[in-house]
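S.K.: The following block contains the structure, expressed as structure tokens.
The values are calculated or read from the model by the stated rules, or taken from the named source; none is laboratory data. A quick note: this is a predicted structure, and the numbers were derived from the prediction, not measured. Backbone-built Cβ (ideal geometry, glycine too); neighbour counts: all protein chains shown.
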Amino acid sequence: MTKEVKLLEKRVVSNPIINCPKNIDNRDSGAIGKYLETILIDNSHNDNKEDIKGLELKTKNISSSETLSLANYTNAINSFDRTFNKIKRRLGLILYKIKNNKIIIISFKIYETCKKDIFDRVIITSHRKSQMKFLVQMTKLDFMYKTVRVVI
């Protein structure tokens, strides 16, 4: 495990409740996810690559759908491999809820070593206009990865 992954684990465990800024619509899960990344990850980015060395971080409001967005592309060339490469080593999943303008982390799991053949079978692609999305049902993550470690 990389030192960046260890640091992320430490930050999540030591900050299970985070104030939600007033300028963020707490119904916009994308905005909250980006905010959490800025709090928990040094040098967060919007590139289609791992968020930190060895791990792609995803956040999800527990009251939203069971579908997890892994990547969005306007250029679909090699998008399957680009998505797999982003999540193949580790995928960190933070589930949270919003209460009284606080982001409360309910769970944090780290899925390790994605199996490409299973990824290929369970991945959902969505094409709309000039955008291509890669999605997965959260219930498929245990099946898609060799191991799962519960941090919180």
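S.K.: So the check is Cβ under 7 Å with 6+ separation or different chains; which pairs have a first residue in segment 68-94 that's touching a residue at least 40 places away in the same chain (Cβ under 8 Å) and a second one that's polar (S, T, N, Q) and crowded, with 19+ Cβ neighbours inside 10 Å?
M.R.: From segment 68-94, the pairs are L70/T83; A71/T83; I94/T59.
S.K.: Let me ask another. Please go through segment 124-139 and pick out each residue that is in contact with a Phe, Trp or Tyr (Cβ under 9 Å, 6 or more places away or on another chain) and either among the basic types (K, R) or at pLDDT 95 or above (or both).
M.R.: I124, T125, K133, F134, V136
S.K.: Hey, does segment 8-19 have a residue that's of a type in the set (D, E, K, R), more than 13 Å from the chain's Cα centre (by Cα) and modelled with pLDDT under 95? Write out each step before concluding.
M.R.: So in segment 8-19, the residues of a type in the set (D, E, K, R) come out as 9-11.
Within this subset, residues satisfying the condition of being more than 13 Å from the chain's Cα centre (by Cα) are 9-11.
Retained after the next criterion (residues that are modelled with pLDDT under 95): none.
So far as segment 8-19 goes, no, none of its residues is of a type in the set (D, E, K, R), more than 13 Å from the chain's Cα centre (by Cα) and modelled with pLDDT under 95.
S.K.: Restricting attention to segment 93-105, report how many residues are touching a helix residue (DSSP H, G or I) at 6+ places or on another chain (Cβ under 7 Å) and charged (D, E, K, R).
M.R.: Residues in segment 93-105 being touching a helix residue (DSSP H, G or I) at 6+ places or on another chain (Cβ under 7 Å) and charged (D, E, K, R): 0 in total.
S.K.: Right, next: Which members of segment 106-119 meet the condition of being touching a helix residue (DSSP H, G or I) at 6+ places or on another chain (Cβ under 6 Å), over 23 Å from I18 (Cβ atoms) and surrounded by 15 or more Cβ atoms within 10 Å (Cβ to Cβ)?
M.R.: Across segment 106-119, the qualifying residues are C114, F119.
S.K.: Let me ask another. Out of segment 126-152, which residues are β-branched (V, I, T), surrounded by 14 or more Cβ atoms within 10 Å (Cβ to Cβ) and either free of Cβ contacts under 8 Å to residues at least 24 places away in the same chain or outside any strand (DSSP E or B) (or both)?
M.R.: Scanning segment 126-152 gives a single hit, V151.
S.K.: I'd like to check something: does segment 91-111 contain any residue that is among the basic types (K, R) and more than 19 Å from K34 (Cβ to Cβ)?
M.R.: Yes; the residues of segment 91-111 include at least one that is among the basic types (K, R) and more than 19 Å from K34 (Cβ to Cβ).
S.K.: Which of the following residues is among the hydrophobic types (A, V, I, L, M, F, W, C) and under 13 Å from the mean Cα position of the chain (by Cα): I87, I104, I98?
M.R.: I87
S.K.: Does segment 108-123 contain any residue that is assigned to a loop (DSSP other than H, G, I, E, B) and modelled with pLDDT under 95?
M.R.: no
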